[in-house]
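Report on the structure given below.
Every read-out reported here was derived from the displayed coordinates using simple, explicitly stated rules and does not represent laboratory data. Please read all numbers here as calculations on a predicted model, not as lab measurements. Please note: Cβ atoms are built from the backbone with ideal geometry, for glycine as well, and neighbour counts cover all protein chains shown.
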Amino acid sequence: MNIVRRRPWDISERKVTPEHLAVNRRALLAGAGAVTILPPAARADVTTNPAYTPGRAITEEKYATTYNNYYEFGESKNIWGDAQNLKTRPWSIQFDGLVSKPRTLGLDDLLKQVQLEERIYRHRCVETWAMTVPWTGFPLSALVKLADPLASAKYVVFETAQDKSMDGLNAPFYPWPYIEGVTIQEAANDLGFIATGLYGKPLPRQNGAPLRLTLPWKYGFKSAKAIVKVSFTEKRPATFWESIGPSEYGFWANVNPAVPHPRWSQSTERLLGSDERIPTQIFNGYGEQVAGLYSGQTNEKLFM
Ligand SMILES: Nc1nc2c(c(=O)[nH]1)N[C@H]1C(S)=C(S)[C@@H](COP(=O)(O)O)O[C@H]1N2
Ligand SMILES: [Mo]
């Protein structure tokens, strides 16, 4: 059931990582038991379409897992230790709002109903750091399908857990819980992903275990961690960062190097683990897949 399959937008690993790393990762995936690995021949046709190629190396695991944004655990980047106190089993996810039948689904039940795959995506934080990491997970569209929204649903809203292990929740200034959302059309796009793993291992808590949204064409703050609730609404949700600072963080948050944050330029990004700064690309380089979602929306602040 749980098969890792490669998709056209996947970056050919041979381009971005030394072969021994790729092999180790496969060994790990294989060790996970439930996961079947495609034979090498099945991977030969991974596309080299430049729109899907990062032209960058996979970020070293130690950087992606020790330099994190997770305000529930505090404002520091160094929350990975504290995050280990989050209990990720048992876990359930609630579907509500405009769905055919509101219900709560156990995580393991949910995972039985989806097909896992691996995708190597770029990630661009609004603070200008960036990483390139291999996620394991399943398409966001599959989660939406399981939730079975009504035709009247216009937005998908994600809510993060509020657990006693999360000391950051005591900071009264923030409008907890962490809420993010996308339109139904955005959620249907092939790039939208729900991550359950990273570097071929279960998703680390600091990166959003056990379920985390991944929207690689948007600033990282859209990618809500530790999801406990998915709601369908007719009204655009008040999202966490937009509520805190509407002049600095918008609902759409599509990556655009030409639209500066009010306090800093977005034209370049720093790759985690190095001092190197490289140019930022519009839609984080995924425009071919997603630009069409926004055609004609000229009155919207699409890029902040
Ligand atoms: N619940 C929750 N999700 C969150 C955040 C957060 O503070 N809380 N930070 C966001 C931001 S700003 C970024 S850049 C990414 C960081 O993900 P990473 O720590 O896995 O790199 O998580 C996003 N998801
Ligand atoms: Mo971020």
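For Tyr249, the conditions (1) buried (at least 19 other Cβ atoms within 10 Å of the Cβ); (2) more than 18 Å from Ile179 (Cα to Cα) all hold with the exception of (2).
For region 156-240, the strands (runs of 3 or more DSSP E) that sit wholly inside it and include 1 or more residues that are more than 27 Å from Phe303 (Cβ to Cβ) and under 17 Å from the mean Cα position of the chain (by Cα) are 193-198, 227-233. Filtering Glu159, Glu186, Glu117 for residues that are touching a residue at least 24 places away in the same chain (Cβ under 8 Å) and near ligand 1 (Cβ under 10 Å from one of its atoms) leaves a single hit, Glu159. Here is the figure for region 90-130: residues that are closer than 30 Å to Pro262 by Cβ and touching a Ser or Thr at 6+ places or on another chain (Cβ under 9 Å) total 6.
Per the listing Gly74, Gly81, Gly97, the residue uniquely among the small types (Gly, Ala, Ser), more than 9 Å from ligand 1 (Cβ to nearest atom) and within 19 Å of Asp148 (Cα to Cα) is Gly97.
Okay, residues lined up against (1) in contact with a Lys or Arg (Cβ under 6 Å, 6 or more places away or on another chain); (2) among the aliphatic types (A, V, I, L, M):
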| position | (1), (2) |
| --- | --- |
| Gly97 | no, no |
| Gln113 | no, no |
| Glu117 | yes, no |
| Met131 | no, yes |
| Thr136 | no, no |
| Pro139 | no, no |
| Leu146 | no, yes |
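Candidates are the residues of region 136-155 that are farther than 22 Å from Pro90 by Cα and part of a strand (DSSP E or B); the one that is farthest from ligand 1 (Cβ to nearest atom) is Pro149.
Quick one: what pairs do we get from region 286-304, first residue touching a residue at least 12 places away in the same chain (Cβ under 8 Å), second of a type in the set (D, E, K, R), C-beta under 6 Å, 6+ apart or different chains? If the second residue must be of a type in the set (D, E, K, R), the pairs left are Leu293/Glu186. Return yes when Leu215 is of a type outside the set (D, E, K, R), surrounded by fewer than 23 Cβ atoms within 10 Å (Cβ to Cβ) and in contact with a helix residue (DSSP H, G or I) (Cβ under 6 Å, 6 or more places away or on another chain) and no when it is not. Against the criterion (of a type outside the set (D, E, K, R), surrounded by fewer than 23 Cβ atoms within 10 Å (Cβ to Cβ) and in contact with a helix residue (DSSP H, G or I) (Cβ under 6 Å, 6 or more places away or on another chain)), Leu215 does not qualify.
Taking region 97-107 as the range and being surrounded by 13 or more Cβ atoms within 10 Å (Cβ to Cβ) and in contact (Cβ under 8 Å) with a residue 24 or more places away in the chain as the test, the residues that pass are Gly97, Leu98, Val99, Leu105, Leu107. If the condition is being surrounded by fewer than 23 Cβ atoms within 10 Å (Cβ to Cβ) and under 23 Å from Gly168 (Cα atoms), then region 228-239 contributes Val228, Lys229, Pro237, Ala238. Could you grab me the full set of residues in region 252-304 that are of a type in the set (A, V, I, L, M, F, W, C), crowded, with 18+ Cβ neighbours inside 10 Å and not in a loop (DSSP other than H, G, I, E, B)? Within region 252-304, Leu271, Phe283, Val290, Leu293 meet the criteria. A count restricted to region 238-285 and to residues that are basic (Lys, Arg) and closer than 16 Å to Gly220 by Cβ stands at 1. Scanning region 108-118 for residues that are assigned to a strand (DSSP E or B) and surrounded by fewer than 22 Cβ atoms within 10 Å (Cβ to Cβ) gives a single hit, Glu117.
The number of residues in region 70-107 that are part of a helix (DSSP H, G or I) and among the hydroxyl-bearing types (Ser, Thr, Tyr) comes to 1.
Taking the stated definitions as given, is Glu180 crowded, with 23+ Cβ neighbours inside 10 Å and of a type in the set (Asp, Glu)? When the stated conditions are applied, Glu180 passes them.
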